[in-house]
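Q: Submitted below is the structure of interest, expressed as structure tokens.
The values are calculated or read from the model by the stated rules, or taken from the named source; none is laboratory data. This one's a predicted model, so the numbers in the text were calculated from it and none came from an experiment. Ideal geometry is used to build each Cβ from the backbone, glycine not excepted, and the neighbour counts take in all protein chains shown. Heads up: the accessible areas ignore ligands, DNA and RNA and are worked out on the full protein's heavy atoms, side chains in. Shrake-Rupley method; radii C 1.70, N 1.55, O 1.52, S 1.80 Å.
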Amino acid sequence: MSSKSSSIESVLTENRSFPPPEAFAKAARVGSLAEYEGLYARAERDPEGFWAEQAAELAWARPWSQVLEWKLPDARWFVGGALNASVSCVDRHAASWRKNKAAILFEGEPGDTRVITYGQLHREVCRAANALTALGIRAGDFVAIYLPMIPEAAIAMLACARIGAPHTIVFGGFSSEALADRIGDCKAKAVITADGGWRRGAIVPLKDNVDHALAGTTVEHVIVVERCKNQVAWTSRDRWWHDVVDTASPAHEPVAFDSEHPLFSLYTSGTTGKPKGILHTTGGYLTCAAYTTKLVFDLRDDDVFWCTADIGWVTGHSYVVYGPLANGATVMMYEGAPNAPRTRAFTSGRDPGAGLDRFWDVIERWGVTVFYTAPTAIRAFMKWGDQHPAAHDLSSLRLLGSVGEPINPEAWMWYRKEIGGDRCPIVDTWWQTETGSIMISPLPGATPTKPGSATRPLPGISIDIVNKDGVPVGPNQGGFLVITRPWPSMLRTIYGDHERFRTTYFGEIEGCYFAGDGARRDADGYIWIMGRVDDVINVAGHRLSTMEVESALVSHPKVAEAAVVGRPDDLKGQAIVAFVTPRSGFIGDDALAKELREHVAKHIGALARPEEIRFADALPKTRSGKIMRRLLREVASGSTARGDTTTLEDQGVLEKLAQSFAHDD
Ligand code: WTA
């Protein structure tokens, strides 16, 4: 964050902490700090016993014979156990009083709605599982899912889990090239998509993107949900969802899979140009998704839990689908943009307005009680104005959450006051695609909060902050965030590259998992995440690698060289700045900048489109030819402090870059 917010942060750290709101504390499962500490200590004393207790909350077809087999970096959890994830999430609720309880409350961007009970969800998941089986999809086959936020997304995930076919979800905002890379890497046998999805009143052409992505892949079948009724091309491998799923039998006998059977892989950015397929397995992942949902969101049967993340991100996997459904909770699912109005067809003719209040409108109309979103969204709401939440009755809310990047204290305070009305605790949750579930978070009603701190690790999670030699640093000293003991929902590998898995996560700091984040712990033991320490940037809560954007840029025929850095951005947390040296004969002008921005969007997706492109004759390099990104970061953020430049080969380059920057401003 900017230096302005970090000074506020330190004032707040020193002078204020918020005890948990009283009314909440009385009812919470873990009702006090002492209780949290007791639970934490118990888990530290006997981690395997603790995790076995959590795993026992799931429906197992065969019990495990050993809780953990750990040969660093390889973990196997609940060894010998067998289960079917969809049974824990669906069948056992459909066979209980929850049969007629809402599992999913859905609102499409235009304003269309659906309510799906656990009984209905069970039948739909069974139908989809039968349809996939009829197409020849078997346990172990990967299925790519490229869908909007519609109930079929959850149904497709659970159907894949039911037949043991690991899913790989690709966010609908990724381009067809990014989709093709991911499908190719996991050798998906089928793709589940839709004709389109609604986004700010426009149709995202998902099926067209799939068509472009499929040339030369292993995909045999494409199942297409009809959502927007837009025109789509059709080939012999395409099937409509309503033709194959709606006609399939609603009965399906689930098979139990080994606890370590792959449940899904999800691609995320690392420090190279190639995204990593983070692989999660069944028993351990589901144990933690369910446990953390119960503990952090303290869900009750009358709750309506709205996690605003798209299923294309890990947050959507763990806290829209697997965690809440394993707990028999009711989830809210909304398809569209936070600033899109309903269409008049769904407002009984009333003026739908500009849509800047859409989220508050959803909360009010559906009675959302727990709301979990990202700091970048909160900052956008702040910018749009307090009148929007103020125009709605938000009294159904009892708990707020934040995830994806460090939340700046201004946004935290606004969230608490304008949305929670000082009534709702805020849980700032730190975790990663790799960790599978929340690792550090306050427990509502138990942990006093400090705005901007994710506070303390959950019981069962052993965190430390160390220097590069693995030695723990003292209070308030910055260091690397590590997890010192295995936990059930840890990633098992990077799909197809176990060596990269070992070196990236277990090769940096001896004996523990290296998160890639910098952090410090204050005198109260509270953890403050300081952001990534590698070349990963976090744009509006989305992870991107600078190398990925660089390789997209240099694939353009007019580009000789490119370097990409993040600079602080008030809204998105970080924004992408690209320094580009054009090939000789080409001029770095506005037209080329525009061309390059579009080129990146086409290669990766709109979320990777650089905010700024700076042209330069040369980039600052060390004598060994390494681009000095640290210096570019300083130039990009407008800082004049240059730090150590002694290894810089050509001092003049930096001055030129700084001047070009100042000039353009
Ligand atoms: C960052 C998202 C500070 C962090 C669940 C991490 C956070 C990366 C927080 C993972 C938080 C996530 N406070 N930083 N509460 N939550 N991050 O894999 O840098 O998309 O490494 O997982 O987001 O991003 P990912």
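Q: Putting +1 on Lys and Arg Cβ atoms and -1 on Asp and Glu Cβ atoms, find which of VAL255, PRO47, ILE150 reaches farthest to the positive end of the dipole of the chain.
A: It is VAL255, whose Cα lies furthest towards the positive end.
Q: So what's the convex hull volume per residue for the Cα atoms of the chain, in Å³?
A: Details: hull volume 107.0 nm³, N = 665.
Normalising the Cα hull of the chain by residue number yields 161 Å³.
Q: I'd like the projected area of region 102-219, averaged over all directions, using the convex hull of its alpha carbons. Report it in nm² with one decimal. Walk me through the numbers before you get to the answer.
A: Numbers: hull surface 28.2 nm².
Projected over every direction and averaged, the Cα hull of region 102-219 covers 7.1 nm².
Q: While we're here: Enumerate the whole-percent occupancy of each 5 Å bin, from 0 to the last occupied one, for all C-alpha pair distances of region 129-184.
A: Spelled out bin by bin, region 129-184 gives 4, 21, 28, 22, 18, 7, 0 percent.
Q: Rounded to the nearest 500, what is the 222 nm mean residue ellipticity of the chain from helices alone, with -39500 (n - 2.57) per DSSP H run of 4+ residues and division by all residues? Write out the running numbers ahead of the final one.
A: On the way: 20 runs with 197 residues, N = 665.
Value at 222 nm, helices only: -8500 deg cm²/dmol.
Q: Over region 183-322, what is the percentage of antiparallel beta bridges among all DSSP beta bridges, to the nearest 5? Please list the in-between numbers first.
A: Values: 9 of 17 bridges.
Close to 55 percent.
Q: For a quick check: with amide H placed at 1.01 Å from N, whose amide H comes under 5 Å from ARG614's, ignoring anything fewer than 5 positions away on the same chain?
A: Hits under the 5 Å cutoff: ALA578, PHE579, VAL580.
Q: Also, quick follow-up: Restricting the count to DSSP beta bridges whose residues both fall in the chain, what percent are antiparallel, rounded to a multiple of 5? List each step's numbers first, then the result.
A: Numbers: 61 of 99 bridges.
That works out to approximately 60 percent antiparallel.
Q: For region 442-592, with only Lys/Arg (+1) and Asp/Glu (-1) charged at the beta-carbon, what is the dipole magnitude about the Cα centre, in debye rounded to 20? Mind dumping the intermediate values first?
A: Values: 15 positive and 18 negative charges, 79 e Å.
Value, rounded to 20: 380 debye.
Q: A follow-up question, please. What is the sum of charges, Lys and Arg at +1 and Asp and Glu at -1, for the other residues whose Cβ falls under 11 Å from the Cβ of TYR495? Walk me through the intermediate numbers first.
A: Numbers: positive: ARG182, LYS187, LYS276, ARG492, ARG500; negative: ASP185, ASP497.
Neighbour charge sum, excluding TYR495 itself: +3.
Q: Could you pull out every one of the lysines with an alpha carbon less than 29 Å from that of LYS99, ignoring same-chain neighbours closer than 8 positions?
A: LYS294
Q: Magnitude of the Cβ-charge dipole of the chain, K/R +1 and D/E -1, about the Cα centre, nearest 20 debye? Walk me through the intermediate numbers first.
A: Values: 71 positive and 81 negative charges, 119 e Å.
In total the dipole reaches around 580 debye.
Q: Quick check: at a probe of 1.4 Å, how many percent of the accessible area of the chain sits on carbon and sulfur atoms? Write out the running numbers ahead of the final one.
A: Values: 12680 of 24760 Å².
The nonpolar share, carbon plus sulfur, comes to 51 percent.
Q: Quick one: accessible surface of THR343, probe radius 1.4 Å, all protein chains present, in square angstrom to the nearest 10.
A: 60 Å²
Q: Compare the Cα positions of MET382, SER395, ILE407 along the charge dipole of region 354-420 (+1 at Cβ of Lys, Arg; -1 at Cβ of Asp, Glu; about the Cα centre) and return the one farthest towards the positive end.
A: Comparing the listed Cα positions along the dipole, ILE407 ranks first.
Q: Using amide H atoms built in the peptide plane, which far-off residues or other-chain residues are under 5 Å from ILE438 H to H?
A: So ILE438 has HN proximity to no qualifying residue.
Q: Still on this structure, I have one more. Using the Karplus equation 6.51 cos²θ - 1.76 cosθ + 1.60 (θ = phi - 60°), what ³J(HN,Hα) coupling, rounded to whole Hz, does each residue of region 419-434 give in order, writing x for Gly and Pro?
A: Coupling constants for region 419-434: 9, x, x, 6, 9, 9, x, 10, 9, 9, 9, 9, 5, 8, 3, 5 Hz.
Q: Still on this structure: Pairs LYS189/LYS602; LYS383/LYS572; LYS187/LYS276; LYS558/LYS594; LYS207/LYS229; LYS558/LYS602: which exceed 19 Å Cα-Cα? Mind dumping the intermediate values first?
A: Working: LYS189/LYS602 24 Å; LYS383/LYS572 12 Å; LYS187/LYS276 14 Å; LYS558/LYS594 13 Å; LYS207/LYS229 11 Å; LYS558/LYS602 16 Å.
Distance filter (> 19 Å) returns LYS189/LYS602.
Q: Name the shape class, rounded, prolate or oblate, that the alpha-carbon gyration tensor gives for region 208-259, where a ≥ b ≥ c are the square roots of its eigenvalues, rounded holds for a/c under 1.5, and otherwise prolate holds if a/b is larger than b/c and oblate otherwise. Walk me through the numbers before you get to the answer.
A: On the way: a/c = 2.74, a/b = 1.47, b/c = 1.87.
Because a/c hits 1.5 or more and a/b fails to exceed b/c, region 208-259 counts as oblate.
Q: At 1.4 Å probe radius, can you tell me the per residue accessible area of the chain in Å²? Mind showing how you got there, number by number?
A: On the way: 24760 Å² over 665 residues.
Computed with neighbouring chains in place, this is 37 Å² per residue.
Q: Let's see if you can work this out: charge +1 on each Lys and Arg Cβ, -1 on each Asp and Glu Cβ, no other charges. What is the dipole magnitude of region 205-264 about its Cα centre, in debye to the nearest 20? Please report the intermediate quantities before stating the final value.
A: Values: 5 positive and 10 negative charges, 64 e Å.
The dipole magnitude comes to about 300 debye.
Q: Continuing with this model, one more query. Count charges around ALA515 for me, please; just the other residues with Cβ under 11 Å from its Cβ, Lys/Arg as +1, Asp/Glu as -1. Show your work: numbers first, answer last.
A: Values: positive: ARG532; negative: GLU434, ASP464, GLU508, ASP517, ASP534.
Once all neighbours under 11 Å are counted, the net charge is -4.
Q: Shifting gears a bit: Give me the Å³ per residue figure for the convex hull around the C-alpha atoms of region 348-410. Can you show the working numbers first?
A: Numbers: hull volume 6.2 nm³, N = 63.
Given the Cα convex hull of region 348-410, per-residue volume reads 98 Å³.
Q: Using the basic label-point model (7 angstrom from Cα toward the beta carbon), what is the TRP234 to HIS392 distance in nanometres?
A: 3.9 nm
Q: Taking the dipole about the Cα centre of region 6-493, with the C-beta of Lys and Arg at +1 and of Asp and Glu at -1, give me whichever of ILE438, ASN467, ASN209 is farthest to the positive side.
A: Comparing the listed Cα positions along the dipole, ASN209 ranks first.
Q: Across bins of 5 angstrom width beginning at 0, how are the C-alpha pair distances of region 565-645 distributed, in whole percent?
A: Going from the shortest bin to the longest, the percentages are 3, 14, 21, 22, 22, 13, 5, 0.
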